[in-house]
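Comments concern the structure below.
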Amino acid sequence: MKNIRVPGQKIINLDAVSSVGFKTTPEGETKVIFNYSHSITLRNGNMVADYTYAFYDGTLPNVMNGVIKAMGENVFVSTDMHHYVINGDHVANIVFDGGKNRIIFNLDYSKEIQLQGGVYTMSSDFCYWDFPNNETYMENVKALEGASNYISIEGN
């Protein structure tokens, strides 16, 4: 188990975390959002990924680097510090959308999403990274591809 102690008398098992987000608060703290790899049902009946917030006095880069180090080697980190850090152990697949300069990480558990017209359905949870231009998008695509093992499948 990879544990991290967070402010507020809590220890989080990072093996159960699917993604981590970072934001700077108006007070100058770094807010860390730990999204778990399981869903919960809210009082209104909606199913969402379970999560925990933690607030740190440190700067965004320092807190982010500390969390990434604690998560271990199988993480996906974007060149953009505002993107969520993804735990590779909870990724079902990665989709590259060059038309939108977007990389989509489909995660390995379900949550409820609302479709057009107000209809709800079950889907896998996901995180995505959007990039402002094709150059930074391709830089991140190549990094992800470089971290992947390829096998050749012969057949039809």
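The numbers here are math on the coordinates, done by the rules we state, and not lab data. Note that the structure is a prediction, hence the values are computed from the model and not measured. All Cβ positions, glycine included, derive from the backbone under ideal geometry; neighbour counts span all protein chains shown.
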Completion exercise
Neighbour-count ranking for E139, E112 (other C-beta within 10 angstrom, fewest to most) reads E139, E112
Handout entry: Karplus (6.51, -1.76, 1.60) ³J(HN,Hα), θ = phi - 60°, over the range 30-37, in Hz, Gly and Pro reported as x
Key = 9, 8, 10, 10, 9, 9, 8, 8
Practice task
Convert each backbone phi in the range 51-58 into a coupling constant with the Karplus relation 6.51 cos²θ - 1.76 cosθ + 1.60 (shift: θ = phi - 60°), then list the ³J(HN,Hα) values in order as whole Hz, x for Gly and Pro.
Solution key: 7, 9, 9, 9, 10, 10, 6, x
Fill in the blank from the handout: The local net charge around S123, scoring Lys/Arg +1 and Asp/Glu -1 for residues other than S123 whose Cβ lies under 10 Å from its Cβ, equals -1
